[in-house]
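The values are calculated or read from the model by the stated rules, or taken from the named source; none is laboratory data. Predicted model, so just to flag it, every value in this text is computed and none were measured. Every residue, glycine among them, receives a Cβ derived from its backbone with ideal geometry; neighbour counts consider all protein chains shown. Ligands, DNA and RNA are excluded from the accessible area calculation, which covers all protein heavy atoms including side chains. Shrake-Rupley method; radii C 1.70, N 1.55, O 1.52, S 1.80 Å.
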Amino acid sequence: MAKNGVHVVVVPVANMYSKPSEKADVVSQAIYGSNVLMLQARGEWSKIQTSDHYQGWTPSRYLRIVLTGNGYATNGPTVQVQSIFANVYAETDVTKHKPVITVPFETRLEVAPESTSASDKAASSDTYEGWVHVHLPGLTNAWIQSGDVIRDVKPLSIPASIDLGKRFLGIPYLWGGRSSFGFDCSGFTQMLVRSRGIEMPRDADLQATWKGVAPVERADLQPGDLLFFGSSMKDITHTGMYIGEGQFIHDTTNGHPVVQISHLDEEPWTKLLVACRRVKVPQ
């Protein structure tokens with residue numbers, strides 16, 4: 001067993017199931033390069049816990065054990081994918097071979113250490129113009145275009161997080177989705193709040209009762225506030241983020257199943273709104 005049971009995800013997106021079967025429902029996902037806690041191993045299946053404390057079963061082949069340190073990309077220089085998704089290549093040329101892997105937004109990658117030998121130094125450094133040399137969680141090195149990543153990740157302001165949300169307009173809805181290949185409603189809202197440097201619970205009902213939010217009246221809504229919909233507070237089924245002027249951005253199956261902007265005064269939303277919450281500023 002790895003130190004503290006830490007494993008790293010080595011596929012673009014690992015589905016997490018309610019039971020150790022691909023016929024079970026998908027409850028969440030873990031993206032490439034993310035560290036997860038191994039809770040239980042059962043042959044070809046592993047029960048894992050993600051950083052938001054969500055648990056589910058995923059195929060064991062999607063994981064690699066972390067033998068040293070506290071996890072992948074936790075020490076040393078890293079980059080984070082800022083494109084909606086990005087291709088990773090074996091060399092600094094997009095035409096020679098197909099990508100090694102295509103990874104989603106928010107994927108964090110280790111920058112590869114420079115070689116000490118003179119012959120390898122140029123090939124292993126991350127100084128190729130327009131490229132960054134990275135060390136993948138599968139223990140191989142590869143290249144990613146510098147325009148797809150950011151080195152110094154800082155929490156976004158509320159206006160910047162709303163602008164980020166608009167970049168995903170039209171991305172299809174995916175039940176259990178927690179990546180830019182497809183979000184569900186709470187996964188999308190969770191990502192927008194995470195971009196502000198705040199990790200909140202995974203599911204909409206848990207988000208609405210989370211200690212990190214405070215109640216706010218509909219008449220007092222401000223951009224960045226969270227909206228929760230359902231038949232009652234005990235039956236919350238949907239969430240989105242208020243962006244001002246009566247509008248909110250959300251990932252919904254209503255009408256057209258994509259990330260979209262809707263108006264609070266529209267049906268069915270105006271009747272289904274059961275709670276408004278403001279994310280507290282971390283102390």
**Message:** When you check R151 against the structure, is it within 24 Å of L227 (Cα to Cα) and modelled with pLDDT of 95 or more, yes or no?
**Reply:** no
**Request:** For residues that are touching a strand residue (DSSP E or B) at 6+ places or on another chain (Cβ under 8 Å) and in a loop (DSSP other than H, G, I, E, B), scanning just the range 211-223, find the one that is most open to solvent (accessible area, probe 1.4 Å).
**Result:** E217
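Picking from P104, P20, P12, P99, which residue would you name as being more than 16 Å from S179 (Cα to Cα) and in contact (Cβ under 8 Å) with a residue 24 or more places away in the chain?
P20
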**Asked** Is the range 198-207 home to any residue that is open to solvent by 10 Å² or more (accessible area, probe 1.4 Å), within 20 Å of P155 (Cα to Cα), polar (S, T, N, Q) and in contact (Cβ under 8 Å) with a residue 24 or more places away in the chain?
**Response** no
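Listed here are the residues, each with its yes/no results for (1) out of contact with any Cys (no Cβ under 8 Å at 6 or more places or on another chain); (2) open to solvent by less than 20 Å² (accessible area, probe 1.4 Å); (3) outside any strand (DSSP E or B); (4) among the hydroxyl-bearing types (S, T, Y).
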{"site": "K19", "(1), (2), (3), (4)": "yes, no, yes, no"}
{"site": "A30", "(1), (2), (3), (4)": "yes, yes, no, no"}
{"site": "Q40", "(1), (2), (3), (4)": "yes, no, no, no"}
{"site": "S46", "(1), (2), (3), (4)": "yes, yes, no, yes"}
{"site": "H53", "(1), (2), (3), (4)": "yes, no, yes, no"}
{"site": "R61", "(1), (2), (3), (4)": "yes, no, yes, no"}
**Prompt:** Has the range 239-250 got any residue that is part of a loop (DSSP other than H, G, I, E, B), in contact (Cβ under 8 Å) with a residue 24 or more places away in the chain and open to solvent by less than 20 Å² (accessible area, probe 1.4 Å)?
**Reply:** no
**Item:** Top-ranked residue of the range 166-180 - restricted to ones that are assigned to a loop (DSSP other than H, G, I, E, B) and among the aromatic types (F, W, Y), ranked as least open to solvent (accessible area, probe 1.4 Å)
**Value:** F168
**Prompt:** Conditions: (1) surrounded by fewer than 19 Cβ atoms within 10 Å (Cβ to Cβ); (2) of a type outside the set (S, T, N, Q); (3) under 14 Å from I249 (Cβ atoms); (4) under 14 Å from the mean Cα position of the chain (by Cα). R194 meets all but one. Number of the miss?
**Reply:** (3)
**Complete:** Scanning the range 132-142 for residues that are open to solvent by 20 Å² or more (accessible area, probe 1.4 Å) and not aliphatic (A, V, I, L, M) gives H135, G138, T140, N141
**Message:** Checking the structure you have, find out if any residue of the range 90-101 is under 24 Å from the mean Cα position of the chain (by Cα), at pLDDT 95 or above, open to solvent by 20 Å² or more (accessible area, probe 1.4 Å) and of a type in the set (V, I, T).
**Reply:** yes
**Message:** What's the total number of residues in the range 255-273 that are of a type outside the set (G, A, S) and open to solvent by 50 Å² or more (accessible area, probe 1.4 Å)?
**Reply:** 9
**Item:** Total residues in the range 143-152, condition open to solvent by less than 60 Å² (accessible area, probe 1.4 Å) and aliphatic (A, V, I, L, M)
**Value:** 2
**Request:** Show the residue pairs that are 6+ apart or on different chains and have beta-carbon atoms under 8 Å apart, the first residue being within the range 153-165 and open to solvent by less than 20 Å² (accessible area, probe 1.4 Å), the second being in a helix (DSSP H, G or I).
**Result:** S161/L192; S161/V193; I162/L192; L164/L192; G165/F188; G165/L192
**Asked** Pick from the range 224-238 the residues that are out of contact with any helix residue (DSSP H, G or I) (no Cβ under 6 Å at 6 or more places or on another chain) and closer than 11 Å to R278 by Cα: which of them is surrounded by the fewest Cβ atoms within 10 Å (Cβ to Cβ)?
**Response** D225
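Of all residues in the range 63-77, which are open to solvent by 80 Å² or more (accessible area, probe 1.4 Å) and polar (S, T, N, Q)?
Residues satisfying the conditions are T68, N70, N75.
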